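I am attaching a structure below and will ask some questions about it afterwards.
Each reported figure results from applying straightforward, stated rules to the coordinates on display, with no laboratory input. Predicted model, so just to flag it, every value in this text is computed and none were measured. Here Cβ is always computed from backbone atoms with ideal geometry, including for glycine, and neighbour counts include all displayed protein chains.
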Amino acid sequence: MHTARKAAQRLDMRAGSLNQQVEQVLDLFEPLAQDLKVEVIRYFDPDLPSITLDAETLQAALVNLVKNALEAMPDGGQLVARTRPTRSGVALDLIDTGCGMDDHTALNMFEAFYSTKDGGSGLGLPTARKIIEAHGGRIDVQSDVGRGTKFTLEFPTPARLARGEGS
């Protein structure tokens, strides 16, 4: 809960690389992914602009999303992580070939204490959304039962960030 408290408090926002944040979280889960026979595919845009981020809280949100994706694929599958520029910033797509969600679950998954897992707190996704929104970003989800789920996280790039870099 330390990170959830920090999200509600002041974030230590600095220029940083979304690619690097995602890379670190995927590296953390690589052994579990291999155990689950999940192939992790990384498509990172090498020219992705920096965003303003708090590394600790953003990683906590990403950990939650990657953990959920892996848990949705107990019989193996693929997890694709793709970063890309958008008109106003950068985006991360996390696409899994897991069990997917029905409409009811997709509509309620960001509600506090809603969980479909035994022993799940129902706080992971609401906390992840709060963290992403605290970064000025947004999170969207598309899911099909039996086919998988795609989370898209979008973050703005600060207008003045480029001027301050390298000086």
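What order do you get for 23, 30 when you list them from fewest to most C-beta neighbours inside 10 Å?
Going from sparsest to densest Cβ surroundings: 30, 23.
In segment 52-72, which residues have a backbone nitrogen under 19 Å from the label point lying 7 Å from residue 39's Cα in the Cα-to-Cβ direction?
Taking a point 7 Å out along Cα→Cβ of residue 39, the residues of segment 52-72 whose backbone N falls under 19 Å are 69-72.
Taking amide H positions as placed 1.01 Å from N in the peptide plane, with prolines and chain starts having none, which residues 5 or more places from residue 89, or on another chain, fall under 5 Å of its amide H?
Answer set, sorted by chain and number: 157.
Moving on. Once amide H atoms are placed 1.01 Å from N in the peptide plane, what residues at a sequence separation of 5 or more from residue 79, or on another chain, have their amide H within under 5 Å of its amide H?
So residue 79 has HN proximity to 39, 40, 41.
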